[in-house]
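Structure, as structure tokens:
The values are calculated or read from the model by the stated rules, or taken from the named source; none is laboratory data. Computed from a predicted structure; not experimentally measured. Note that we place each Cβ from the backbone using ideal geometry, even for glycine, and neighbour counts take in every protein chain shown. Protein only, heavy atoms only, side chains kept; ligands, DNA and RNA dropped before computing areas. Shrake-Rupley method; radii C 1.70, N 1.55, O 1.52, S 1.80 Å.
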Amino acid sequence: MRSPATAPAPESEPAASRRELLRYALRTPTAGPLAALIVAVVAFSLATETFLTPANLSLVLQQSIVIGTLALGQSLIILTAGIDLANGAIAVLGTVIMARHVFEGGNPAAAVLLGLFVTTAIGLVSGLLVTRLGLPPFIVTLGILTVVYAVSRLYSQSRSYPVTDELLRFWGNGIRIGGALVTWGTFVLVGLYAFFWYLLAKTAWGRHVYAVGNAPQSARLTGINVQRTVLSVYVTAGLLYGFAAWQALGRIPNADPNAYQTANLESITAVVIGGTSLFGGRGGVVGTLIGTLIVSVLRSGLTHAGIDSLYQDVATGTLVIVAVGIDKVLRRGPTR
């Protein structure tokens, strides 16, 4: 005669709470990107002796500022199922406009405002072409990329302009904490992400952005003005690109029309690695911030490991393809 089965001991309440917390964390969209960031930091710290130093970590943060701001604008556009291939070129035009205006004796504050106005106006033009004419965002921004790149060369006369004014270089200044320089640009980047996280998560505008990205026809039927929402996203992104231009002037000695040629790819990489779907309607800016740090850590770590910059571009491009492929599989769901 068999003895009755022994009932399993009930799990303690603290252990059950920890298990549930772990399950919730793993379901969080930012869990994967955050784990990838930690793995990358640990791997490069073990592989090189110079990566995990205060000076280098400070440099990684500084390198994240411009791409992070561009990626923030890119996130907003991708959430509406669009894409912006011209954001890096727009920011470069902003740097040239600001630096040349001051170089020729103009007022620094007016130079900053002029640069912000031009980049925002370009965002407005892109948004109007997408919303009013119904052109695909890929085609629109590809055309804008070509035009803006040419305009930058023409306006600058294919020369670079020195960045000497303190207002233009403001975001490159900061405070020293231990052996690391934490720039004002780092603080404002975190502030921008916090602000747009609030807008997307807690306001009607943010809900409209997600709804348009998920299903524009359904959003229209519920009373959302789809065209106005998309247009506002492109205008906001243009303003952010101008701010990225101002931040870039705090890091570079000269405003060069040939600078940041891979910034559009890096910003898209940061957005996609951060968990935002290229098909729209899913993701968030917290993941984009983590994705930006991953891109910067990857660049810095590979540089310290002695890997050629061309191979770094190969790694970045491969990351985009892999991330988009994973996103496509996840959206398709399991096949039967």
Practice prompt. Select from segment 220-231 the residues that are open to solvent by less than 100 Å² (accessible area, probe 1.4 Å), part of a helix (DSSP H, G or I) and farther than 17 Å from LEU199 by Cβ and list them in ascending order.
Written response: VAL226, GLN227
Worksheet entry | ASP165, sole failed condition from (1) under 26 Å from the mean Cα position of the chain (by Cα); (2) open to solvent by less than 80 Å² (accessible area, probe 1.4 Å); (3) not small (Gly, Ala, Ser) | (1)
Worksheet item: So which of LEU240, LEU289 ends up being within 30 Å of LEU124 (Cβ to Cβ), under 14 Å from the mean Cα position of the chain (by Cα), open to solvent by 30 Å² or more (accessible area, probe 1.4 Å) and of a type outside the set (Ser, Thr, Tyr)?
Response: LEU289
Worksheet item: Taking segment 121-134, which residues are open to solvent by 20 Å² or more (accessible area, probe 1.4 Å) and either closer than 13 Å to VAL235 by Cβ or under 25 Å from the mean Cα position of the chain (by Cα) (or both)?
Response: ALA121, ILE122, LEU124, VAL125, LEU128, LEU129, VAL130
Practice prompt. Output the number of the condition that ILE175 fails; it satisfies all remaining conditions of (1) over 22 Å from ASN264 (Cα atoms); (2) open to solvent by less than 80 Å² (accessible area, probe 1.4 Å); (3) at pLDDT 95 or above.
Written response: (3)
Worksheet entry | Filter pass, VAL118 being over 17 Å from ALA237 (Cα atoms), at pLDDT 95 or above, among the hydrophobic types (A, V, I, L, M, F, W, C) and open to solvent by 30 Å² or more (accessible area, probe 1.4 Å) | no
Discussion item. So in segment 292-314, with the set limited to residues that are open to solvent by 20 Å² or more (accessible area, probe 1.4 Å) and closer than 27 Å to PRO137 by Cα, which one is nearest to the chain's Cα centre (by Cα)?
Written reply: LEU293
Discussion item. If ILE273 satisfies all but one of (1) surrounded by 24 or more Cβ atoms within 10 Å (Cβ to Cβ); (2) under 21 Å from THR131 (Cβ atoms), what's the number of the condition it fails?
Written reply: (2)
Discussion item. Consider segment 50-82. How many of its residues are of a type outside the set (Gly, Ala, Ser), outside any helix (DSSP H, G or I) and either buried (at least 24 other Cβ atoms within 10 Å of the Cβ) or modelled with pLDDT of 95 or more (or both)?
Written reply: 1
Worksheet item: For ILE252, all conditions in the list (1) part of a helix (DSSP H, G or I); (2) within 29 Å of VAL118 (Cβ to Cβ); (3) at pLDDT below 90; (4) open to solvent by 30 Å² or more (accessible area, probe 1.4 Å) hold save one; what is the number of the exception?
Response: (1)
Worksheet item: If the Cβ limit is 7 Å and pairs must be 6+ apart or interchain, which residue in segment 187-198 that is under 16 Å from GLN62 (Cα atoms) pairs with which residue that is surrounded by 17 or more Cβ atoms within 10 Å (Cβ to Cβ) and not β-branched (Val, Ile, Thr)?
Response: VAL188/TRP171; LEU189/GLY68; LEU192/LEU72; TYR193/LEU72; TYR193/LEU289
Discussion item. Going by what's in this entry, would VAL182 be described as over 18 Å from the mean Cα position of the chain (by Cα), surrounded by fewer than 18 Cβ atoms within 10 Å (Cβ to Cβ) and among the aliphatic types (A, V, I, L, M)?
Written reply: yes
Worksheet, complete the sentence: Among the residues of segment 83-105, the number that are closer than 20 Å to GLN157 by Cα and open to solvent by 20 Å² or more (accessible area, probe 1.4 Å) is 6
Worksheet item: Mind checking whether some residue in segment 151-158 is free of Cβ contacts under 8 Å to residues at least 40 places away in the same chain, within 30 Å of ALA255 (Cβ to Cβ), assigned to a helix (DSSP H, G or I) and not acidic (Asp, Glu)?
Response: yes
